[in-house]
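The numbers here are math on the coordinates, done by the rules we state, and not lab data. Just so it is clear, the model here is predicted, and its values are computed rather than measured. As a convention, Cβ positions derive from the backbone with ideal geometry for all residues, glycine included, and neighbour counts pool all protein chains shown.
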Amino acid sequence: MTMKKKCIRAVSIGLLIGVFVYIVNSCSPAVAADINVTDQYKTVINQKPYHAEVCYQQQVGGDRTLDTLTGAIIGGVIGHQIGSDRSGNRNVGAILGGIIGNNNSKATGGYRTVCKEELRWRESSQTVYSHSVVRFQHEGRWYNVNFKK
């Protein structure tokens, strides 16, 4: 805390004490009964980290599209090399190559369980003291003074 803040705090507390002394010494007990001190509280959220293992289903190797296309291309190239009507053979070779590529694909599809550790936060709320307020009346006017105990 800086020296300026310490000085301001000391002056504030001194002023508060001075007002109380003035009221007690110069007022009747009925006026002194109008002094009210209330404590103010606030809610604070506390966060505590912890690790949790989280598992989920992940799709694996289920797409046979690449194997089918690869088979169709290879079948088309081989079909183009066979026979005299190369255009028709290329089309038939591509169709057969695509079927063979799809059937021989090792892509099984499906899901597997994948687990990983995540950082999470456990929250709890707590009510703590914030400050106090003294409310008093002096010469017909009400005053509020905030201070910390």
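Between GLU123 and ASN36, what FRET efficiency comes out of the Förster formula 1/(1 + (r/R0)^6) with R0 = 35 Å and r the beta carbon distance, rounded to 0.05?
For ASN36 and GLU123, the calculated efficiency is 0.50.
Cut-off is 10 Å between beta-carbons; in what order do LEU66, LEU96, LEU119 appear when sorted fewest neighbours first?
LEU119, LEU66, LEU96
Ranking request for peptides 125-138, 42-55: highest mean number of other beta-carbon atoms within 10 Å first, then the rest in descending order.
Averaged packing, sorted descending, gives the order 125-138, 42-55.
State, to one decimal in nm, how far the label point of THR113 lies from the label point of VAL54, with both points 7 Å from Cα in the Cβ direction.
The two pseudo-label positions are separated by 1.8 nm.
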